[in-house]
1. Run through region A:24-58 and list the trypsin sites (Lys or Arg not before Pro) located in a DSSP loop whose Cβ has at most 14 other Cβ atoms within 10 Å.
2. Give me, ordered by chain and number, the residues 5 or more places off B:Leu296 or on other chains with an amide H under 5 Å from its own placed amide H.
3. So which trypsin sites (Lys or Arg not before Pro) in region B:319-383 pass both tests, a DSSP loop state and at most 11 other Cβ atoms within 10 Å of the Cβ?
4. Once you order the gyration tensor axes a ≥ b ≥ c over the Cα atoms, which shape class does region B:298-440 get: rounded for a/c under 1.5, otherwise prolate or oblate by comparing a/b with b/c?
5. Using amide H atoms built 1.01 Å from N in the peptide plane, name the residues 5+ places from B:Thr290, or on other chains, whose amide H lies under 5 Å from its own.
6. Can you work out ³J(HN,Hα) from phi for every residue in region B:418-433, in order, using Karplus 6.51 cos²θ - 1.76 cosθ + 1.60 and θ = phi - 60°, giving whole Hz and x for Gly and Pro?
7. So between B:Arg245 and B:Val261, what do we pick up on full extension, going 0.36 nm a residue minus the alpha carbon distance?
8. Just the number, please: Stokes-Einstein D of region A:217-334 in µm²/s, Kirkwood Rh from C-alpha pairs, 37 °C, 0.692 mPa s.
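The values are calculated or read from the model by the stated rules, or taken from the named source; none is laboratory data. Small disclaimer: the values here were computed from a predicted structure and weren't measured. Virtual Cβ from ideal backbone geometry, glycine too; neighbours counted across all protein chains shown. Accessible surface is based on the protein model in full, side chains and every heavy atom, while ligands, DNA and RNA are left aside. Shrake-Rupley method; radii C 1.70, N 1.55, O 1.52, S 1.80 Å.
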Amino acid sequence: MSLPEIMLAVLWVGLTAYVLFGGADFGGGVWDLLAGGAKTGHRQRELIEHSIGPVWEANHVWLIFVIVLTWTGLPSVFAAVASTLYIPLTLAALGIIGRGAAFAFRKVSTELWQRRLFGATFAFSSVVTPFFLGTVAGAIASGRVPLGIARGDLVGSWLNPTSVTAGALAVGVAAYLACVYLTRDAQRAGAADLVAAFRRRALVCGVAVGALSAVGLIVLRADTPDLYTELTSGRALPLLLLSVVAGLASLALMWWRAYVAVRLTAALAVMGLLWGWGVGQYPAPLPGVSLDEAAATDAVLAASLGSLAVGAVLLLPSLWWLYATFQRDRGKSR
Amino acid sequence: MPGRTRDGGIEPSSGGAKVMCHGAGIAVHVLNGADLGAARMQMALSLGWHIVLACFGVGMPAITLIAEWRGHRSGDSHYRLLARRWAKAMGVLFAVGAVSGTILSFEMGLLWPGMMGVYGEVIGLPFSLEGIAFFIEAIFVGIYLYAWDRLPPRAHLLAGVPIVLAGVASAFFVVSANAWMQRPTGFQVKDGRVVSVDPWGAMFNPATPPMTTHMILAAFMVAGFGMASVYAVAMLRGRRDRYHRLGLLLPLTVAAVITPVQIGVGDWAAHAVADQQPVKLAAMEGVFRTGRGVPLHLGGIAIDGEMRYALELPYGLSLLAHWDPNAEIHGLEEVPPGDRPPVNVVHWAFQIMVAFGFALLALAAWLAWEWRRRRDLPRSPWFLRAAAASGVAAVLALESGWVVTEVGRQPWIVFRVLRTSQAVNPAPGLVYGFVLVTVVYLLLTVATVYVLRRLARDVPVPVAPQERDISGYKVV
């Protein structure tokens, strides 16, 4: 593997982590929005807050990681994407502010009206942000971002069948991952009614996301035939199959109440989609641009990748400690 | 690899017009002036906002840890209560800081694609490292804030240490990228494309040491004075118990110890500017004509290429900038008018920063003097009033210092390499983005201030199991 390829792979690992962890945090916000009135939804919201609270900031860093690695590794691609897609990216950025700040504010607020106001902001931004980020993915996947500064259509590049489907799929995936994770969290907290509620949602949401993915393929066929061909008969086919099989397995496992195992298969289903897209689009990050043309100089790639490798030695044990601390049963301490 | 790195070529006499006219890869766009202004204002707003939060993110964990550590050592429950309190506020500030920082990484591309598309890789290394540092910070903030009752006290204290180290490291990495924009080194450009990069050389450019040191110390000053001023206000309102005294004394001591060091580092930073960016120094001091034995201007307004109404200290600038009363100072006249930063903004921002810096030094000296004499806070209510104002003063000094650095760099985004107007996103409608961002930041400001004030007021503090001894304590 050449240095640009390694960089691209690392970038995609970061993107995957962001979708699996950060995405689920947005999904938590989606369920917060749908939890019902202040009284009826109280316990669900508490569970969501409890699950997201300690980890969302660390999960959020994956996004920064992806952005920074893009401009380091593929500067011209970063500039083209950011300048052409500045509308959805600005809206996503504002959504990120609303989600993170309002979540922190709600946590320390005591009065009902404040909790409602901040809670609504948190929940609303949690739906909007993944949608806009999804449209950005759709714009890149459908080849609507040309190389150069703001050369693409400022509106049409992200308001098109592929982008809108990708946006909806992003929200759906976030919500699905969240209820899969929350089911197990509720089980560990010993809340049988919440387990049942989130299990039901996971089943419904899983079917919906599966259907949306199928619709997505039809849209791709019409709108982005190259990627469609790669996904259905090319290099990316195994990953698409992985996604389908893992998705179906997740439904079955959720039905049989295997709440830990389903976390793995749900994550695999999502990974199949992401890596299917990546492999399907490889090696051209933007239309007519080869990876080598777009990549930074080797000195930069080597220094950044080397630093990341050293950083990973510090990061991975820390991340493990974070998740281990908060996924452990609370025992008698509370 | 010194042979591969290019010289910045920043001698003022070389003139802006003939240096580094690459830009072949980036079309020089005919721009809507309002959009460039909007992009600059949006960046200034979001950076100026984030920088305050970032300072608390760097400084506050250390001060909180000192309180927690003192609490363990002395068994004084007030320290532990303070640590809990500060940790809670830190949680809010950290969250808001994290998201406002993320927006900046978006805006680098949304607003300045002309810079990022070409030079993104040159400043990529410090940002990658910053990503790692921030990751570690976020992980341990999660553990520190949420695991008070899950970890033994000692482990909890240790979990705070990586936050402090990673916070300082983050500040270093981010500011080193900014230093590169002031003193771009470590790369070669050919036909508008970067052809070779020495990423370590770019990161450790000559502007990095003074700028990063100045910024990290500023962060501790902002956090220290800012936290102290909350308790000074409470004491002025008559709450003079031990809890409030310690809440004032601990952060104020940290800030007071750092302030004189910062004045020295500031002098170092100014010398570096004099060497590396003489045009910026000329704007800071309002010097138009090159000469020897140049006086220091206090106050004054630049009108028609001249400083008016300024108090002049003879030989002052030559002496301060080069330790020689007859040293030569390069004036703004050496570069064409189009290559000069707005003099009045930079000059006044610099004056304000220095004035507040010395005012804070006086406050620190007052505290040190009385503490030496009587082992107590000064008794005068004016001391509390000054301490109450010190947080605002530190933030104003911070912001004006940042204005000096960034406005003083104009019209260049990468000093003498790329103009801000060449880097901006040429897409229409940036003005609307700016308006939207302004509204969101206004709301964010109101909400943050409101929530922090609520936190500082009458909410009873939840108490961890190991702190049962103070469970009855409620701060009113």
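1. Here the trypsin sites (Lys or Arg not before Pro) that fit, given the DSSP loop and packing criteria, are A:Lys39.
2. B:Leu313, B:Tyr315, B:Gly316, B:Leu317
3. B:Arg375, B:Arg379
4. Note, shape of region B:298-440 comes out oblate.
5. Under 5 Å from the amide H of B:Thr290: B:Gly331, B:Glu333.
6. Ordered by residue, 3J(HN,Hα) equals 9, 7, 4, 5, 7, 8, 6, 5, x, 4, x, x, 4, 4, 5, x Hz.
7. Using 0.36 nm per residue and subtracting the Cα-Cα distance, I get 3.3 nm.
8. 184
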